[in-house]
Structure formats: C-alpha cells, structure tokens
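The values are calculated or read from the model by the stated rules, or taken from the named source; none is laboratory data. Keep in mind that this is a model prediction, so the values were computed, not measured. All Cβ positions, even for glycine, are placed from backbone atoms using ideal geometry, and neighbour counts span all protein chains on display. Ligands, DNA and RNA are excluded from the accessible area calculation, which covers all protein heavy atoms including side chains. Shrake-Rupley method; radii C 1.70, N 1.55, O 1.52, S 1.80 Å.
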Amino acid sequence: MPLRTAAQYRESLKDDRVVYFRGQRIPDVTQHPLVQVAIDHEATDYRLVADPRFRDLAVVRHPDNGEEMSRYFLPPRSAEDLLQRSALIETACREGGALVVLSKVVGSDGLFGLLRTTKKVDAALGTSYYPRVKAFYDYCWRNDLNFALAQTDVKGDRARRPSAQADPDLYLRIVEERRDGIVVRGAKVHTSNTTHANEMIVLPTRAMGEEDKAYAVAFAIPLATKGLKLIMSGYGSYTQRNPFDYPVSATVKMTETLTIFDDVFVPNERIFLKGEWQFAGALALAFVEYHRLTAISYKLPFLDLLVGAARLVAEYNGIEQVAHVREKLFWLASYAETIRALTQQACLKAVPTELGMVIPNPALVNIAKHHFAAHFHQALSHVQDLAGGILVTGPAREDVQSEETGPLIDKYLQGKQGVSGKERVRVLNLLQDITTSDFGGYHAVLALHAEGSMEAEKLQLYREYDWQRAVAYARRLAGLGQE
Ligand SMILES: Cc1cc2nc3c(=O)[nH]c(=O)nc-3n(C[C@H](O)[C@H](O)[C@H](O)COP(=O)(O)OP(=O)(O)OC[C@H]3O[C@@H](n4cnc5c(N)ncnc54)[C@H](O)[C@@H]3O)c2cc1C
C-alpha cells in the first residue's frame, strides 16, 4: 500500500470508537468541531509526505525490500538516522504551528522499544513475542498507520505499588486469561490523540515486582475495540476560535483522554508482554529512550517562536537595546540554543543497542529534557515581562475591525514610530495565545509533565552519569590512594 494521503487518514477514523466529551458521546469524531481541529493538525504528517519540499526528509525506502515508507518507521541504526528522525520531528512541529505532531512518532518510539525488549524477553524466557511485534510493525508501516500510546496509569496512591493499591484497577491489569487472548481492566490517563489515531499501543508505566505480575502487560488494539471508553479532556475545549485573537490555537490542537479498559479482550497475536514482570521496567524504559528525543526535538520550534516573538515585541515597544531587555533576550536565545545543541549531541553520541539499532545518548537526552522543563516557566516570565500587561488586557478582533474603535486602537496602542496599534496587537495576540490563554496553560503543563516529569529525568541521569570517572579524578587531585 502506498503512503496515505491526509484525506485517507481522515476517512480511516470513521469507526465505532467510544468517545465522550462533556457528558455526550461523540458519534463520529471526523464531524466533531474540536476533534476536527486535532485531526487536521495531525494530518500535517501526511501533508509533509505530499510536499516536494519535505518529501526527502519524510519518506525513506524500507532497508530490506526498498518499498517506500514514512521515515518515522525506520529503526535508527546510526547517528545520521537519529539526526534525520529528529529533523523530521522538528519540521512536522514547525509546520504544525509549533505544537507536536505526535501520533506517528510516539507510535514508532513504542514499536522500537517493543522490538528491542521482546527480543530480550524471548531470549531469556523462551516466549515468542518478538515475531508478533515484528508482524504488527510490518502491518503498521505497510498501512501507514498512526497511533496513540497509553503508558501512564491513573496510579491512585503514588507511594504504593500496583498490587498494593486499595482498588486493584488503578493500574491496568490482566483479569482473565483465555486460550485465544486476555481480558484487561483498568485505566490509563493523559493519553494523547486516542480520539483520532488508528491503533493504540499499551505499555507498562513502571518496573514491576513479582506480586505485580498481572500488571506487567503490553499490547496493541484498534481504537474501536469493544470495552474501550475514551473520556476526552474538557480543558481548552474551544471551538471556532478566530485566528486574529488566537493566531496559533485556532488551527492546532491535541486531544487527551482518560482511557478506560472496561474488560477489553486482546487477541494473542496482539499481546506483547503477559506477566513477565522482570521486563516491565525495561520495556517502559526502551520506549522512553526514544520518546525523550522526540520531546526535545519537537520543543525546538516552540522555543524559536518564544525567542522571535519576544524580540519582535521588544522592537515594537522600542526597547530592544535597553540593558535589561538585551539580558532577557540573551537568556532566551541561549536557552533555546542549549536545547538545540544537546539534541544534536544526543544524536551524534548515539549508543548501540539490540538488533543493530542505536538509541540517543541517554544522559544527554535527559539533561536536555530536564533543562527544558526546569527553565520553561522562567522563559515565559521573561517573555511576559517584555510584552507588558497589555498581554491580557488588549482589545478583541471585533474592536480592531470596527470602523468606530479600530482607528482609536491603531492610534493609542501604537508602539515605536511606524508600528501601528493593529500590528502591535497581532504580536501581543500571538504571545497571549502561546503563553497566557488556555492553550498557553496547556503548553506550560506539557513542558513540565509530558514525556515524563522532571524527577524521572533526574533519576535517569543519575543512573547514566559516569560518576566513577569524575570521582576518580577528584581522588587523584586530592592525593587519595597514592600514599
Ligand atoms: C499534555 C500531556 C500529554 C500527555 N500524553 C501522554 C500520552 O500520550 N501517553 C501517556 O502514556 N502519557 C502521556 N502524558 C503523561 C505524562 O507522561 C505524565 O504526565 C508524567 O509521566 C507525569 O505523570 P502524572 O501526570 O501522572 O503525574 P504524577 O505522577 O501524579 O506526578 C505528580 C507529582 O508527584 C510526584 N510523584 C509521583 N509519583 C511519585 C512517587 N512514587 N514518589 C515520589 N514522587 C512521586 C511527581 O514527581 C510529580 O512531582 C501526557 C501528559 C501531558 C501533560
């Protein structure tokens, strides 16, 4: 099958998936005004393939049979593969209004993690998961599918293990084993794009002990599977935003759901881990090893946007040469370039792993992701400081367009000489949309939590960092062990 078009992708979403939004069932997601915005945003990936400017980046030949496939599905085997993958993720996000175009990349991050880990499970325990994952992977790239990836469980009492929760369903678990498959119950949360993906890959969220055996489960199912119930978030549930007041969020959106598995049957061929608790943590990590590169790659356009809009508003206000303003612009540019440099280094210093694949350098990826998250709110603070209070007190489109009030706004909200009120309102609207609106709030929480919260990144770096090397050097200069 050739690569799909945006229209074919949209058509593939007409199924019986069960999605609720604000207490109502959505009968057809392709007709829902809010999900339509998200579908159109997600279709960016399909448009890139059809655009001669991006085709070489977005499309590759399958290494074994030469067939065309989306680059997202190419298992990285070199630093160059990782650089190209990162460039594609960044490009899709840039073309998609600085909001990640997630579905294909998160799905392929999951598939790569599954391919590597199931090979290890099979070798250690004599199971036969790898051929199933490989068959599913082939089905996905051949049909040019896109994905939701459900990893984060609802988790209840965070200090307790899955099996020690007061309610046993707070982590997804196997409740029945049949000859032809398993039945699972529980819920995942924050699952992006389930409303408009084709397949959902489900992975464990953490390492498990033997007592958590029933929770060590991984599989993939179509979104219209019986018993799967999706409750779409009401946050930022805007429709018909006008692009003057909301220049970005009028046309870009992701959706998230509380993803409930109400005794869902999974057939054998789609089960990729079933009780092998020793490998739950390894599988969770193998996905994350790719997914954090996704994270830092797609942050780059948003950071460029913050830097560019901050500089523009400073120029419009006539203060770009003032010392404290230069200081803030320097800070913003240096923040953005640090993440970019770390992203490239993480690819260049790739680490070899199973199946001839490489992973981005884990220490550098985690430093980058943590640096981004830890300083994001400081970046917002600098941008909002430069913009001034008008960020949240400005006029609406109707006032700017009105014959009566438009000229007044043009006169009284003008900036430095030559900058009209209307121009200034446009850049302020951009900044309010991406930093103070509900969409801005979404970005702020996305920065902190998506792809793992900061403590997870610290833990990972703590594991990865070469403490021995640094300690040995300190010991040598301290004269220790030389007497
Ligand atoms: C916009 C968005 C999209 C997302 N998309 C997806 C998706 O598509 N698929 C998916 O699987 N996930 C997704 N996530 C989930 C994301 O990975 C999680 O938000 C992240 O892992 C943090 O988990 P949590 O939100 O449940 O926070 P919590 O785990 O509730 O964390 C809150 C605080 O509690 C702390 N904490 C939690 N547990 C412990 C503990 N045991 N000990 C000490 N401190 C603890 C945390 O460090 C943090 O400070 C998304 C998140 C966002 C915000």
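Explain nothing, just the number: dipole magnitude of segment 283-472 about its Cα centre with +1 on each Lys and Arg Cβ and -1 on each Asp and Glu Cβ, in debye rounded to the nearest 20. That gives a dipole near 480 debye. Among Leu74, Ala124, Thr30, whose Cα sits farthest toward the positive end of the charge dipole of segment 1-135 (+1 at Cβ of Lys/Arg, -1 at Cβ of Asp/Glu, about the Cα centre)? Of the options given, the answer is Ala124.
Which shape class applies to segment 110-207: rounded if a/c is under 1.5, otherwise prolate when a/b exceeds b/c and oblate if not, where a ≥ b ≥ c are the square roots of the Cα gyration tensor eigenvalues? Intermediate results must be reported in sequence, preceding the final value.
Details: a/c = 1.90, a/b = 1.31, b/c = 1.45.
Since a/c reaches 1.5 but b/c is at least a/b, the shape of segment 110-207 is classed as oblate.
In terms of distances greater than 27 angstrom between alpha carbons, the cross-link table entries Lys155/Lys349; Lys14/Lys120; Lys188/Lys299; Lys104/Lys188 yield Lys155/Lys349; Lys14/Lys120.
Using helices alone, what [θ] at 222 nm do you get for the chain, with -39,500 (n - 2.57) per DSSP H run of 4 or more residues, divided over all residues and rounded to the nearest 500? It would help to have the intermediate numbers written out before the result.
Numbers: 17 runs with 234 residues, N = 483.
Rounded to the nearest 500, the figure is -15500 deg cm²/dmol.
Extending 7 Å from the Cα toward the beta-carbon at both Arg55 and Trp467 defines two label points whose distance is 5.3 nm.
Please report, in debye to the nearest 20, how large the charge dipole of the chain is about its Cα centre when each Lys and Arg carries +1 at its beta carbon and each Asp and Glu carries -1 there.
Working: 57 positive and 59 negative charges, 134 e Å.
Computed charge dipole of the chain: roughly 640 debye.
Taking max minus min of the alpha-carbon positions on each principal axis, the chain gives extents of 77, 76, 52 Å, largest first. Shape call for segment 1-146 from the C-alpha gyration tensor, a ≥ b ≥ c root eigenvalues: rounded (a/c under 1.5), prolate (a/b greater than b/c) or oblate? Oblate is the answer for segment 1-146, as a/c is 1.5 or above yet b/c matches or exceeds a/b.
Charge dipole (Cα centre; +1 on Lys/Arg Cβ, -1 on Asp/Glu Cβ; no other charges) of segment 359-434 amounts to roughly 340 debye.
Using a 1.4 Å probe, what is the accessible area per residue for the chain, in Å²? If you can, show how the numbers build up before the last one.
Details: 20980 Å² over 483 residues.
Per-residue accessible area for the chain comes out at 43 Å².
Which one of Gln344, Ala450, Val383 has its Cα pushed farthest toward the positive end of the charge dipole of the chain, where Lys and Arg give +1 and Asp and Glu give -1 at the Cβ? The listed residue farthest towards the positive side: Gln344.
For Asn268 and Leu125, what does the FRET efficiency come to when R0 = 25 Å and r is the distance between their Cβ atoms, rounded to the nearest 0.05? Could you put the intermediate results ahead of the total?
Values: r = 16 Å, r/R0 = 0.66.
The calculated FRET efficiency here is 0.95.
Here's the list of lysines a cross-link from Lys411 could span, going by alpha-carbon distance under 19 Å and ignoring same-chain residues fewer than 8 apart: Lys422. Sorting 344-354, 292-302 by average packing, meaning the other beta carbons within 10 Å per residue, from highest down gives 292-302, 344-354. The angle between the Cα long axis of helix 438-449 and the main principal axis of the chain comes to about 40°, on a 0 to 90 degree scale. Extension gain, Arg161 to Thr393, is 78.8 nm, computed as 0.36 nm per intervening residue step minus the present C-alpha separation. The protection proxy used here, the mean number of other Cβ atoms lying within 10 Å of each residue, ranks peptides 330-338, 111-119 as follows, highest first: 111-119, 330-338.
Across the accessible surface of the chain, with the other protein chains kept in place and a 1.4 Å probe, carbon and sulfur atoms take up 53 percent.
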